[in-house]
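Here the structure is laid out as structure tokens; the discussion comes afterwards.
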Amino acid sequence: MTKLSVNVNKIATLRNTRNLGIPSLVKLSRIALQAGASGITVHPRPDERHIRPRDVDNLAGVVREFADAEYNIEGNPFHGLIDYCRRIRPAQATLVPDAREAFTSNHGWNLVELGATERRALKCAIDELQSVGCRVSLFMDPVVDAIELAAELGADRVELYTEPYAHAFATGPVHEELSQYATAARAATRAGMGVNAGHDLSLENLAPFLERVMGVDEVSIGHALIADALEFGMHETIHKYVAICNNTFR
């Protein structure tokens, strides 16, 4: 089945509006894992707009309470991500090319146009992360040429950036978008990499995506899932997402 990693950034965003420590990242992450989520994802940014350094450490402890759970730390490898991963040694590091001022992650690595110096730097980051035991995933647009270059750099997985699919789903037909993602996923598999997916996936659009895009190992879902938890509660929300993941076609 496709595994569900819960991105808890938005919980931290709400907590940070006051100095009361609520809602609790630790408590809600533990509930998510108890309810059947396979992992927790955090994206610590340099401006600490949501996840803060102590959160990264605290949540590592929560994940260690669950034998099969995985911790995924994502972010720009040149903005401090590697320092976190050296200390925490999460199961997975997801490398995202976001600018410091970016509101949210909004594109994958453009490896086709990346200069030789930048490509070498990214390769060195991948190598270093793998040397401390991290599986490395590159956040990618569904572009076959770029996917193939990710394999050449030594990435273990790619995470397909799914906001364009989510936008298409909300506004009209999605056949062309899904075809593009399915082709990219097949290219990753042929190149020997695993496939993750994330960004704006939801209870409404997740099943059609997984039914068409074969072989997705993991989805990382945050914004919609946390919004659903306000309506259904965290435990029931996780059950709903895991039920969709359990019905995926492999």
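Quick note: the coordinates plus some simple rules give every number you see, no bench work behind them. If you're wondering where the values come from, they're calculated on a predicted model, not measured in any experiment. Note: ideal-geometry Cβ built from the backbone for every residue, glycine included; neighbour counts use all protein chains shown.
Overview of results
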quantity: Gyration tensor (alpha-carbon) shape descriptor, the stretch 3-246, a/c threshold 1.5; calculated: oblate
quantity: For the chain, with +1 on Lys and Arg beta carbons and -1 on Asp and Glu, the positive-most of A116, Y241, Y161 along the dipole; calculated: Y241
quantity: Stretchable slack from R54 to S179, in nm (0.36 nm times residue separation minus alpha-carbon distance); calculated: 40.9 nm
quantity: Percent of Cα pairs exceeding the 18 Å cut-off, where the set is the stretch 1-120; calculated: 53
quantity: Length gained when the stretch D83-S24 is fully extended (0.36 nm per residue, less Cα-Cα span); calculated: 18.8 nm
quantity: Lys, Arg +1 and Asp, Glu -1 on Cβ, resulting dipole of the chain about Cα centre, debye, nearest 20; calculated: 760
quantity: Whole-number D in µm²/s for the stretch 183-250 (Stokes-Einstein; Kirkwood sum over Cα pairs; 25 °C, 0.890 mPa s); calculated: 195
quantity: Highest-MSF residue in the chain out of C134, C85, C124 [GNM, Cα springs under 10 Å]; calculated: C124
quantity: Theoretical FRET efficiency, 1/(1+(r/R0)^6), r = Cβ-Cβ of H223 and D127, R0 35 Å, to 0.05; calculated: 0.65
quantity: Packing rank of 1-8, 138-145, where each peptide gets the mean count of other beta carbons within 10 Å, highest leading; calculated: 1-8, 138-145
quantity: Label-point separation, L14 to E118 (7 Å along Cα→Cβ), nm; calculated: 3.7
quantity: Cα-based reach from K240 at 22 Å (exclusive), listing lysines while leaving out same-chain residues under 8 positions away; calculated: K3, K10, K27
quantity: Burial ranking of peptide ranges 159-172, 16-29 (average Cβ count within 10 Å, highest at the top); calculated: 159-172, 16-29
quantity: Gained length - A243 relative to R64, 0.36 nm times residue gap less alpha-carbon distance; calculated: 62.0 nm
